[in-house]
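The values are calculated or read from the model by the stated rules, or taken from the named source; none is laboratory data. Quick caveat, the model's predicted, so the values are computed rather than measured. With ideal geometry, Cβ positions are generated from the backbone for all residues, glycine too; neighbour counts draw on all protein chains shown.
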Amino acid sequence: MRTRPRSKKRRPTFRRLLKTSSMKLENKLKTRQLKQQNIAKKQRKEQKKLRQAVKDAAIRTPRPLETYRKRPGEKEEEDEEEFLESLPTDMMEDEDLQQMSVMARQASFITRDLSSCGPVHSGKRRSSEVLRSYEKVPRKMARTEEKEVIHLLPIKDKTGLIPQTIEKQPEEEEEDEEEGELESSAALTPEQREQLRVQKIHERKLHIASLGSAIISAPYTNMKRVKELRGMLMESDPCVAVTVRKLVMVSLMEIFKDIAPTYRIRPLTSAEKAVKVKKETQQLREFEEGLVSQYKFYLEDLEQTIKDWKQKKKKRSQAVGLESYRGLAEVAVRCLCELLLALPHFNFHNNIIVVLVPLMNDPARKVSDMCCDAFSKLFQQDKVGGASLATVRVISGLIKSLNYNVRPEVLRTLLSLRIKEVEMKKDMEDTAPKKKFLNNKEKKKNLSRMQRKWKKAEEKLEKELLEAEASESKDRKIKLHTEILNIVYLIYFRILKKAQKSVLLPAVLEGLANFAHLINLEFFDDLLSVLQSLIQSGDLTNRESLHCIQTVFTILSGQGDVLNIDPLNFYSQLYGMLPRLHAGAPNDDIIIVLQCLEAMLTRRRKQVTLQRAMAFIKRLSTLSLHVLPNASVGILAASRAAVHAFPKSDFLLDNEVQGSGFFLPELDEPEHCNAQNTALWELHTLQRHYHPVVRQFAAHLCQGAPSEGSAALAVDLSRRSPVELFDVYSVRDMSFNPPVAPPVRMNYRLSTNPVCPPLSIKCV
């Protein structure tokens, strides 16, 4: 055997070169085969268009791919040239080069099946036999033209390598399957269709329940399940789309309420992200980031559902009809209201407020009431005032943008604000005694060394306790409440100035009466003149006029007591309004009357004359004759308070006439009606009233309303205010309080005693 000289640089062996060249040829042929598959796909699309245009015509077979190929001679020559150019001829022997040329001419690499990935040479079989076996394998070019295949790993057996492929299902078949399902469901009877729908809903419920339980049990590791559950909001099955979407909305709402932390999550800075942290900290960060992201997407889905309903568009899918979007929107609004109340501290709370405030004025009564109730509860539970301030700002902007054309319920929600203390005027604060603070030198003089040490330790401990409790300072709370009240007054004063004949006026007057004790003194003169002009105009109802009077006397009973004002006109207005009040079921105006009487007579007894007080007591006694029992009890309790405030009013209990003139009951001026010349004869009539509490109050007043003795009232009646007694004995629930005693039942029996009469009667 001929020995070859050993070179310094190792030359590539024939087998290695053969393998390299075969791989290059394989890549070229694979590229060509992909091109042929793309051409086949285009041909299929053309066939689909032809089928739609001409359904009954014969479908022509696509043009075979062999027509696009070159002649075999040209192909072999080009492949041979490429193959020879790719070989490193400077590192090969002449014999090896000749053998490679001969093998290239045989075109065995071109006819080889591309799906096989095994080596060409084997230790057991010669290379020529292996090449001939690959030559015998039939080509798959014609098949790939018809169907798209996916090549799998080959299988090796005794005969050699067996290629494995799988057919890829085209899109046409998927569409055909969907059409087939629709046709099959259309062929079912209504009962079968309903059973199929119930079965699908049951399957979706189980899937939702499994996802929800997995998320709640381990929220740190199963945050991806939230995305999967949120994907069910796009349910495409028309039979169950509406029901499934509603269930998913409510389920996600409850899940977020359970897994959301009790703090606001802020985004991490770039510096914090660059720092290496523990595994637990990193897991917490990933959970918080995923939670905020999914919560944001969920809120956007709810908002988009509401927008689709308002705009009457079907943007998402054709699975839900336009008429079904109303139900979906109502569920979305309910979920937003629940999150508004449950997560006021969490992210995107202001975004929820911005979405829900315009819906308070929605034409749909159910949606509007839902939003108004939610904000009323938010105001009641907001102790600090941050959420209330954000809401009031949005409401103010909404009312101004709609030119005061909003529902009165929008303004009545402001009555639920928890505002009890605000910042007063600066000049009043300056007059208050200031607390003297000690500097360091004075502390050292007044305290010993040990005392200073203990004092320092106490201050440090108090500071740590405040930080641990995370309690809000009182100053911040008062500042927020002051800002809220300023915005509320801005809303009320704008309506009083620009929309006095609006339907919002009753709500404005009620709100002014509710917050009148917090109004600054600088607004008193203008407000009193506006309210007086409203009452004298005659355009107000009894309830609206009562609210105006209540506002005036609430102001004068609080900060306005320093003003030298005699509101005689408002006394006359209330005195003339008492006989015109409704005596039937809607007697809620009596509550406002009782509140006004407390502010007008009891609190201002030093500014009220005896003539005026006796006139009111006489008219209240007349009013108590023709109202419901709970109103009679409240009015008699107010008369008792007036008798205690004005002891000389017992003239009304005397039969002898004192003074001169006659009582003029038709005159609406309490100062000039000569009430001292009449008597409270109504109390004798009320002592025969069917309500026992009314009888007790009437008998008590006839005796001069004593605080002690046999004629005194019971403790539960004497210690309650007139408003409380009105609520306690209300007949709003169609129940009598106290309950009516059962009738006396008579038992008749015959007697067998000859001495006694034959019939005896026994009362039970």
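I need the helices (runs of 4 or more DSSP H) fully contained in the stretch 482-573, keeping only those with at least 3 residues that are of a type outside the set (A, V, I, L, M) and under 39 Å from the mean Cα position of the chain (by Cα). Can you show your working first?
On the way: elements: 505-514, 524-537, 542-557.
The qualifying helices (runs of 4 or more DSSP H) are 505-514, 542-557.
Residues to consider are 657, 643; find the one that is β-branched (Val, Ile, Thr) and at pLDDT below 90.
Working: 643 fails: at pLDDT below 90.
Going through 657, 643 in turn, just one is β-branched (Val, Ile, Thr) and at pLDDT below 90: 657.
Let me confirm something: among 334, 326, which residue is farther than 27 Å from residue 510 by Cβ, of a type outside the set (A, V, I, L, M, F, W, C) and in contact with a Phe, Trp or Tyr (Cβ under 8 Å, 6 or more places away or on another chain)? Steps first, answer last, please.
Values: 334 fails: in contact with a Phe, Trp or Tyr (Cβ under 8 Å, 6 or more places away or on another chain).
Selected residue: 326, the only one of 334, 326 that is farther than 27 Å from residue 510 by Cβ, of a type outside the set (A, V, I, L, M, F, W, C) and in contact with a Phe, Trp or Tyr (Cβ under 8 Å, 6 or more places away or on another chain).
Would you check which residues across the stretch 201-247 are over 30 Å from residue 323 (Cα atoms) and basic (Lys, Arg) and list them? Even if it seems obvious, please write down each step before you answer.
Going residue by residue through the stretch 201-247, those that are over 30 Å from residue 323 (Cα atoms) are 210, 213-225.
Within the stretch 201-247, 224, 225 meet the criteria.
Looking at the stretch 589-603, can you tell me whether even one residue there is farther than 18 Å from residue 545 by Cα, of a type in the set (D, E, K, R) and free of Cβ contacts under 8 Å to residues at least 24 places away in the same chain?
No, that holds for no residue.
The rows are residues; the columns are (1) assigned to a loop (DSSP other than H, G, I, E, B); (2) β-branched (Val, Ile, Thr); (3) farther than 28 Å from residue 587 by Cβ.
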site	(1), (2), (3)
649	no, no, no
666	yes, no, no
694	no, yes, no
697	no, no, no
700	no, no, no
717	no, no, no
727	no, no, no
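Which residues, counting only those in the stretch 724-741, are aliphatic (A, V, I, L, M) and modelled with pLDDT of 80 or more?
Residues satisfying the conditions are 725, 728.
Which residue is surrounded by the fewest Cβ atoms within 10 Å (Cβ to Cβ), if the candidates are limited to the stretch 264-294 and must be at pLDDT 90 or above and of a type in the set (Ser, Thr, Tyr)?
281
Could you check how many residues of the stretch 240-263 are touching a residue at least 60 places away in the same chain (Cβ under 8 Å), touching a helix residue (DSSP H, G or I) at 6+ places or on another chain (Cβ under 9 Å) and surrounded by fewer than 17 Cβ atoms within 10 Å (Cβ to Cβ)?
3
For residue 325, only one of the following conditions fails: (1) over 24 Å from residue 304 (Cα atoms); (2) buried (at least 20 other Cβ atoms within 10 Å of the Cβ); (3) at pLDDT below 90. What is its number?
In the conditions (1) over 24 Å from residue 304 (Cα atoms); (2) buried (at least 20 other Cβ atoms within 10 Å of the Cβ); (3) at pLDDT below 90, residue 325 misses (1) alone.
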